[in-house]
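The values are calculated or read from the model by the stated rules, or taken from the named source; none is laboratory data. Since the model is a prediction, treat every value here as computed from it, not as a measurement. Please note: Cβ atoms are built from the backbone with ideal geometry, for glycine as well, and neighbour counts cover all protein chains shown.
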Amino acid sequence: MLSTHLRPRIEAHKISAQTGINPSPVGTRRYMKRYVSLFVLSLIAGSVFGMGSGTGGGGSGSSGGGTASGGGSNTSQIGEGGRAVRLYDQGVRAMNSKKFAEAQARFAQALTENPRFAEAHNYLGYSLQMEGTQNYPMALEHYNRAIQLKPNLAQAYEYRGALLLKMDRKSAAEKDLATLKRLNPGLAVELERVMKKGKEASGSVVKQGG
């Protein structure tokens, strides 16, 4: 199990008008509801003004994006994005309730709708990790994919760093910590605390064994 310091901040996520999602781990569930509402309103606006023209964001990958293929979004793409968001939100609620198996199913379904959904990869990795060590390799694959899709997704570095530490890959975990210090110093403090506790626990075991 992860340290309590690394439990997911899954109450709030900024949701953009694209099929991808930009998370903001700010703290209360009411923000997530607000951003979901903004997402729905943006879809309505897009259908009126024609999102297929490529205006309003496109697929350039700015703001950590790169989740949309091509320049614009047609109606079917908007619908798929909406389904992915709904499934993702269901997964978030399941994670809040510590129903990790259910969360896995929802995030996997969201990725079926939108395979380039970085945050869904990140939380699917976390849900897998929380279900036991046998899932560590697959969890790591999803963290890697999340970071590949969104290199500035700080939370993925935090979770991956903690997992790498559990897998006795300390040098790789330290690299993630270094990246996290640049992206989000607050999360870096949490990961560093977990790494320090891991070292202390390891030292304690050695002392007892000797």
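Is it the case that Ala110 is more than 14 Å from the chain's Cα centre (by Cα), over 26 Å from Lys175 (Cα atoms) and of a type in the set (A, V, I, L, M)? Here the answer is no, as Ala110 does not meet what is asked. The sole residue among Arg83, Arg116, Arg93 that is closer than 14 Å to Leu149 by Cα and surrounded by fewer than 22 Cβ atoms within 10 Å (Cβ to Cβ) is Arg116. The single condition among (1) surrounded by 17 or more Cβ atoms within 10 Å (Cβ to Cβ); (2) small (Gly, Ala, Ser); (3) under 17 Å from the mean Cα position of the chain (by Cα); (4) modelled with pLDDT of 95 or more that Ala173 does not meet is (3). Filter the stretch 135-166 down to residues that are in contact with a helix residue (DSSP H, G or I) (Cβ under 6 Å, 6 or more places away or on another chain) and not in a helix (DSSP H, G or I) and give me whichever is farthest from Gly125 (Cα to Cα). So the residue we want is Asn152.
Given the condition on the phi < 0 side of the Ramachandran plot, in a loop (DSSP other than H, G, I, E, B) and modelled with pLDDT of 95 or more, answer yes or no: does some residue in the stretch 107-115 qualify? Give the steps one after another, and end with the answer.
If we filter the stretch 107-115 for residues that are on the phi < 0 side of the Ramachandran plot, which is where we start, we get 107-115.
Subsequent filtering for residues that are in a loop (DSSP other than H, G, I, E, B) retains 114-115.
Filter once more, so that each one left must be modelled with pLDDT of 95 or more: 114-115.
Within the stretch 107-115, one or more residues are on the phi < 0 side of the Ramachandran plot, in a loop (DSSP other than H, G, I, E, B) and modelled with pLDDT of 95 or more.
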